[in-house]
Amino acid sequence: MSIINFKAKTMKRILNSILGGCILLNAACVNEIHTDVQEGNVPITFSVKIQKPTTKVTDTDFETGDEIGLYAMLTGKSISEEEPYINNLLLTCGEKGMLTSETDVFYPEGDNALDFIAYHPYQPEGAETSTATIPVSIQTDQSDAKSYSISDFLTASETQVKSSEKAVTLNFSHRLTKLKINLVPAEGVSADIMLEDNPRIVATGFYTRANYNLEEQEFGGLGEISDIVPNGTWKKDEESGNLTGKEMILIPQEID
């Protein structure tokens, strides 16, 4: 997470440039099971967690109805090299973090282990053919809770999972940047008057689309530069006397 500071001399000026930083930050056939490997009779079940829940609407977990895409490969195989054992299966979040699939899936027969890769939000087109890349985009206006939440992008992976009655826990990590804005009063300017004026912030010149490689966990192919309107409401920080409360989700990128 990054925090940026602004010196404010007028409250009605649109701020047109900011500095940012980064944190931890599509297949022809989807929702299918690979047919070259014989299925067993042990069903695969899933549960879900978010490692650092900071951008979901609830702030604590996925919401009921949230959709997740899932890939599974035989351990040691790659999405880009051959058709996955499970190909972009749609999982839907239910109660207590349990995930349900649109079709039953089973572990392969024998001693075969599986590597799982999951992502949110779900995209019907999945990863591009013969690659592990998936398109990612953010909302340009993140001022309301829904648009802010759907700008998020998370992934999870679990390797060498063998047949078991236990649910596979998918621990999701945020892959985008959250940037917080800290508005600093100039000398002689009252933070209370700043708060009353409710200054408008617009971040300009940011890429809003990219490709994400699910296996290499890297972004590339940045595109579509646009202005970003942040989420949140100004509040006065009593300790520093600054205005805080505005933040935005960005795709990791270098900034001039």
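The values are calculated or read from the model by the stated rules, or taken from the named source; none is laboratory data. These numbers were taken from a predicted model, which means no experiment stands behind them. Positions of Cβ are backbone-derived with ideal geometry, glycine not excepted, and every protein chain shown enters the neighbour counts. In case anyone asks, the SASA skips ligands and DNA or RNA and just uses the protein heavy atoms, side chains included. Shrake-Rupley method; radii C 1.70, N 1.55, O 1.52, S 1.80 Å.
Those strands (runs of 3 or more DSSP E) of segment 169-256 in which at least 3 residues are surrounded by 13 or more Cβ atoms within 10 Å (Cβ to Cβ), among the aromatic types (Phe, Trp, Tyr) and at pLDDT 90 or above, considering only elements entirely within it, cover 203-213. Scanning segment 16-23 for residues that are open to solvent by less than 30 Å² (accessible area, probe 1.4 Å), touching a strand residue (DSSP E or B) at 6+ places or on another chain (Cβ under 9 Å), modelled with pLDDT under 50 and on the phi < 0 side of the Ramachandran plot turns up at least one hit. The one condition from (1) of a type outside the set (Ser, Thr, Tyr); (2) modelled with pLDDT of 90 or more; (3) under 24 Å from the mean Cα position of the chain (by Cα) that Lys146 does not meet is (2). Out of all the residues in segment 78-112, which are in a strand (DSSP E or B) and open to solvent by 10 Å² or more (accessible area, probe 1.4 Å)? Selection gives Leu90, Thr92, Met98, Leu99, Thr100, Ser101, Phe106. Candidates in segment 149-168 are the residues that are part of a strand (DSSP E or B) and either hydrophobic (A, V, I, L, M, F, W, C) or at pLDDT below 90 (or both); of these, the one that is surrounded by the most Cβ atoms within 10 Å (Cβ to Cβ) is Leu154.
Filter segment 47-66 down to residues that are among the hydrophobic types (A, V, I, L, M, F, W, C) and modelled with pLDDT under 80 and give me whichever is nearest to Ser151 (Cα to Cα). Before the answer, list the steps.
Residues of segment 47-66 that are among the hydrophobic types (A, V, I, L, M, F, W, C), as a first pass: 48, 50, 57, 62.
From what's left, modelled with pLDDT under 80: 48, 50, 57.
On the way: Val48: 19, Ile50: 16, Val57: 11 Å.
Only one residue tops the list, namely Val57.
Within segment 104-149, the set of residues being over 20 Å from Glu224 (Cα atoms), among the β-branched types (Val, Ile, Thr) and touching a strand residue (DSSP E or B) at 6+ places or on another chain (Cβ under 7 Å) comprises Val105, Ile117.
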